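Below you'll find the structure, written out as structure tokens, and then a few comments.
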């Protein structure tokens, strides 16, 4: 005999796990926490903005602004007031880095009668560049002052190196090489080190 109650097919198993409920509740709590933090952040910034915009600037007073005097050194304090007025303000030259110009750095010993301008002209540099390279030097004195100078390179004279050939090699005039090296004659000895200035003013 067949069963009175036929068997049900494809029955879905009943889940007894609470995992989906726990996951959903954790997500809801995270969303609520983020909303709360966001609200706190917005409310703090708006209160700060109100404080900033509520500051009233009083522009009705015509009182002059008084600057406090800068402390002077003992030497400056000992000078009379008339000398201070007569003394012109020293202009500070901004320092120039050797790497921004390129080339090679040499040292020039200042000789009698030389000035910043004549030395800059000798090495085909702008006056501002030479002063920038030597920003700590205020005045040149013969025999005691050494200046930093940027040049294209220093060339060691080899066999067959006449000034005209060397000048062509570096793209400068023969006269510029003679001027940079203090030469009055078109002559160079083997092994001599020639200063090669820049072809254009730096």
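The values are calculated or read from the model by the stated rules, or taken from the named source; none is laboratory data. Just so it is clear, the model here is predicted, and its values are computed rather than measured. Here the Cβ is made from the backbone with ideal geometry for all residues, glycine too, and neighbour counts use every protein chain on show.
Name the single residue, out of those in the range 83-106 being loosely packed, with under 12 Cβ neighbours inside 10 Å and under 16 Å from residue 135 (Cβ atoms), that is modelled with the lowest pLDDT. Result: 90.
Go through 182, 191 for me and flag whichever is within 36 Å of the chain's Cα centre (by Cα), at pLDDT below 95 and at positive phi. Selected residue: 182, the only one of 182, 191 that is within 36 Å of the chain's Cα centre (by Cα), at pLDDT below 95 and at positive phi. Just one residue in the set 112, 136, 199, 188 is without any contact (Cβ under 8 Å) to a residue 40 or more places away in the chain, surrounded by 12 or more Cβ atoms within 10 Å (Cβ to Cβ) and not in a helix (DSSP H, G or I); that residue is 188. Could you please find all residues in the range 144-172 being under 23 Å from residue 128 (Cβ atoms), in contact with a helix residue (DSSP H, G or I) (Cβ under 9 Å, 6 or more places away or on another chain) and in a loop (DSSP other than H, G, I, E, B)? Passing the criteria: 152, 172.
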